[in-house]
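A quick write-up on the structure given underneath.
The values are calculated or read from the model by the stated rules, or taken from the named source; none is laboratory data. Please read these numbers as outputs of a predicted model, since none were measured by experiment. FYI the Cβ positions are ideal-geometry reconstructions off the backbone, even for glycines, and counts take in every protein chain you see.
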Amino acid sequence: MTKKIRKDSVKYTDEPLGDYEIIRDFLPKPWELAQMEKKTKITITLNESSVKFFKQQAKKFGTPYQAMIRNLLQQYATKANN
């Protein structure tokens, strides 16, 4: 249940709000979200234990296990190229 605030009980002021900290904008720009990198479908044979691990982790985090494997490979490739 949410508490309703009466409009006449809100007091606006130009006074300082107190101590605050400016946080650097860390969110991606909208055009960065819209850019999808081209993906290539492949067939790969993995150890059963590896697939089991990723499926368990994916279930914990509510994400497809294939996406976790893809992201891991992408991070490795990105770091290896730097």
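Of the residues 60, 4, which is at pLDDT below 85 and loosely packed, with under 10 Cβ neighbours inside 10 Å? Lay out the reasoning, then the answer.
Numbers: 60 fails: at pLDDT below 85.
Being at pLDDT below 85 and loosely packed, with under 10 Cβ neighbours inside 10 Å holds for just one of 60, 4, which is 4.
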Out of 40, 45, report the one residue that is at pLDDT 80 or above, loosely packed, with under 10 Cβ neighbours inside 10 Å and within 23 Å of the chain's Cα centre (by Cα).
-> 40
